[in-house]
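First up is the structure itself, then whatever we jot down about it.
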Amino acid sequence: FARSVYNRLLTSTPRVRSALVSLYPFRIDPVYDDRPFFFEYFKPGARNLDPTIFPAHLDTGRGAFAYYVLLALLTICGIMCVTCILGPLWVFERRGLQVAGSIPLLLFFACLGAGYMTFELGAMQVLSVYLGDPAYSLALVLAGLLIASGVGAAASSRFSGDSRVISFATTIITAAIMLWLAWTAYFTPRTMQLPLGLRAAATLVCLFPVGMLLGIPFPTAVKALEKKNRNFIAWAWGVNGVTSVLASIIAIVVAMKVGFKIVVCIAAATYILAMLSYRWHSRARIS
């Protein structure tokens with residue numbers, strides 16, 4: 001049966017092939033470097049498989065089990081995220097520690113955590129083939145972004161919590177991420193033949209400007225809180241941390257469907273949302 005299916009895939013017209021891929025009970029569409037989930041063949045909702053054709057474990061085993069575990073993990077983390085974000089706000093309000101524009105402020109710090117982690121995971125996979133091994137990609141992207149973000153955070157000390165700097169930085173981050181993605185798509189195929197050391201150095205050099213920019217908004221916003229709402233600084237750290245954990249799961253779910261390059265684009269869009277949220281908060285605080 002499997003041989004006949006793949007024979008039809010290889011010999012059919014594009015229209016027939018597309019229909020066969022969509023109607024087949026398992027995912028048999030091509031797997032690319034951008035979506036490298038070779039064993040993610042399960043289609044949610046696929047049921048009533050013919051036991052005389054398909055082994056029983058295909059419906060309940062690796063594919064379906066992994067999919068539902070991922071969704072369960074996402075649900076648990078989502079509940080914890082909501083609890084950790086809304087719980088402190090409720091406690092603060094009961095203590096009379098109200099802050100104007102708390103909802104957009106919440107959204108701002110959530111976007112910073114989610115955007116950073118989403119870009120980090122996307123960049124690791126985008127560079128995995130270029131570096132030749134996922135372990136190299138993990139080490140270089142993680143170390144490069146953390147060091148560059150630390151430099152950006154240190155440089156942000158001169159901005160003194162200026163809201164204009166926060167709006168400008170988040171906007172520039174969006175442009176920088178998209179430029180990095182476009183430059184990577186152009187640069188990596190043309191330098192694939194270089195030794196690993198040179199490819200690693202090129203990876204770090206290209207990541208450094210983006211990472212430095214990523215390190216600016218959070219400490220600058222914390223300084224702004226330090227002036228008027230010191231009690232919310234710990235909450236801001238918590239929101240940032242818990243949403244970064246949630247974003248790491250969402251990034252994988254999205255990548256399984258549409259690929260890691262879209263994940264990087266979502267990271268860029270998240271920083272635009274962060275910029276809009278902080279402007280909203282600034283207007284609410286003034287009024």
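If the Kirkwood radius is taken over C-alpha pairs of the range 97-196, then at 10 °C and 1.306 mPa s the Stokes-Einstein diffusion coefficient equals 101 µm²/s.
Charged side chains reduced to their Cβ positions (Lys and Arg at +1, Asp and Glu at -1) give the chain a dipole of some 580 debye around its Cα centre.
Neighbours of ARG158 by Cβ distance under 14 Å: Lys/Arg scored +1, Asp/Glu scored -1, total +1.
For GLU226, the solvent-accessible surface with a 1.4 Å probe is about 80 Å², rounded to the nearest 10.
Relative to the dominant Cα principal axis of the chain, helix 260-286 is inclined by about 20°. Put simply, the convex hull of the Cα atoms in the chain casts, on average, a shadow of 18.8 nm². For the range 176-251, the average shadow cast by the Cα convex hull is 6.8 nm², which is a quarter of the hull's surface.
How many percent of all Cα-Cα pairs in the range 163-209 sit more than 18 Å apart? That fraction is 40 percent. Relative to the dominant Cα principal axis of the chain, helix 14-23 is inclined by about 80°. A full extension of the chain between LYS228 and TYR24 corresponds to an added length of 67.5 nm, given 0.36 nm per residue minus the alpha carbon distance. Could you work out the local net charge near VAL222, counting Lys and Arg as +1, Asp and Glu as -1, over the other residues with Cβ closer than 14 Å to its Cβ? After counting each charged neighbour, the total is +2. Rg/Rh, computed from the Cα trace of the range 209-287 with Rh as the Kirkwood radius, has the value 1.03.
Could you give me D for the range 148-287, from Stokes-Einstein at 25 °C and 0.890 mPa s, where the hydrodynamic radius is the Kirkwood radius over C-alpha pairs? Units µm² s⁻¹, please. For these conditions, the coefficient is 147 µm²/s. Over the chain, what is the relative contact order in percent, taking alpha-carbon pairs closer than 8 angstrom and at least six residues apart? About 33 percent, as a whole number.
The values are calculated or read from the model by the stated rules, or taken from the named source; none is laboratory data. Predicted model only: the values in this text are computed from it and were never measured. Note that each Cβ is placed from the backbone with ideal geometry, even for glycine, and that neighbours are counted across all protein chains shown. Protein only, heavy atoms only, side chains kept; ligands, DNA and RNA dropped before computing areas. Shrake-Rupley method; radii C 1.70, N 1.55, O 1.52, S 1.80 Å.
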